[in-house]
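Here is the structure we will look at.
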Amino acid sequence: MEKSLSPGLYIVATPIGNLGDITIRAVETLRGVAAVACEDTRVTGKLLHHLGIKQRLIRYDDHSDEAARDRLLALMQAEPVALVSDAGTPLISDPGYRLVRTAREQGIAVTSLPGPNAAVVAMTLSGLPNDRFLFAGFLPNKTKAREDVLAELASVPATLVFYETAPRLDASLAAIASVLPGREVAVARELTKRFEECRTGSPQELAAHYEAHPPKGEIVLLIAPPGDEAVGEIDVDALLLAELAYVKPSQAAAAVAKATGLDRKGLYARAMELK
């Protein structure tokens, strides 16, 4: 007989594609809890049906209000409750951190079960440096905001990892080409599924490929860390031009100086030339 679970919150990672990636511990936990909090009851319902588990499902997502969170917390005080996302490890660019934070504040036991994670899978497939990497969630929707984020992270000495959607991939690759020219980029998609792909190259090369072969599914976008070329004249010009499209030369120089650590006065002089 399986050991009964103590009351509390159990964070359970679920497959990102291949259903065989569910862990034995995850299955046992999903069977043993009083309820499963999930983003979409239809998605989680299909997974549980595949596993032969009948379980109470409670919807909990970004739109859930404080009252819904309080009801879950009250249930956790008396019963074990699992938290899952639609795919992968909960709380990684998914709702739930407020629930975990409040549970801890209230003295509710929190247990996290390791399992599939798209960012880590893509990192291992890409062949990009993996001694340091920075996961930065989704890039913003708007062009200026997207370029600002890339400029802000330009000097980080680590591989940058983003989640992306197929319809936005072209715009993100264009922004990388503009703000971080010369960087190697990897696009990982359909991870753990039959048509899994991880393609590397320049942002221009990848944009041309996916224009001819429109991608489907969710994507992990990776950008190699800066090398000696990252502070070269071409890169600096691209960064300055990206800023000059929206702000004055002095503001552009300040933004690029902050992103690269280069001398602000020299950048301002170059910005005036480009202007």
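Neighbour counting of Cβ atoms within 10 Å sorts the residues Phe133, Phe195, fewest neighbours leading, into Phe195, Phe133. Maximal additional length on extending the Ala166-Ala269 stretch stands at 33.2 nm, based on 0.36 nm per residue less the C-alpha distance. Averaging the Cα positions of each part gives two centres, and for segment 65-101 and segment 1-63 these lie 12 Å apart. Dipole magnitude for the chain: computed about the Cα centre from +1 point charges on Lys and Arg Cβ and -1 point charges on Asp and Glu Cβ, it is near 700 debye.
Multiplying the residue separation of Ala208 and Thr23 by 0.36 nm and subtracting their alpha-carbon distance yields 62.8 nm. Taking amide H positions as modeled 1.01 Å from N, with prolines and chain starts lacking one, the residues under 5 Å from Gly88 and 5 or more places away or on another chain are Thr14, Ile16. Here the sum of -39500 (n - 2.57) over DSSP H runs of 4 or more residues, divided by the residues of the chain, equals -12500 deg cm²/dmol at 222 nm, to the nearest 500. Between Gly96, Gly137, Gly217, the residue with the greatest mean-square fluctuation in the GNM of the chain (Cα pairs under 10 Å linked by springs) is Gly217.
Using 0.36 nm per residue and subtracting the Cα-Cα separation, the extra length available between Ala145 and Val43 on full extension is 33.6 nm. Residues within the reach of a label modelled at Glu66 (point 7 angstrom out along Cα to beta-carbon, backbone nitrogen below 15 Å), restricted to segment 96-128, are 98-99, 102-103. Values (i) 6, 26, 26, 21, 14, 6, 1, 0; (ii) 7, 33, 40, 18, 1; (iii) 7, 29, 36, 21, 7, 0 are given for comparison; P(r) over Cα pairs in 10 Å bins from 0, in percent, derived from the coordinates here, is the one labelled (i). Considering only Glu190, Glu39, Glu28, the mean-square fluctuation computed in a Gaussian network model of the chain, springs between alpha carbons under 10 angstrom, is largest for Glu28.
Coordinate-derived values only; no laboratory data. These numbers were taken from a predicted model, which means no experiment stands behind them. When we count neighbours, we look across all protein chains shown, and the Cβ atoms used for this are built from the backbone with ideal geometry, even at glycine.
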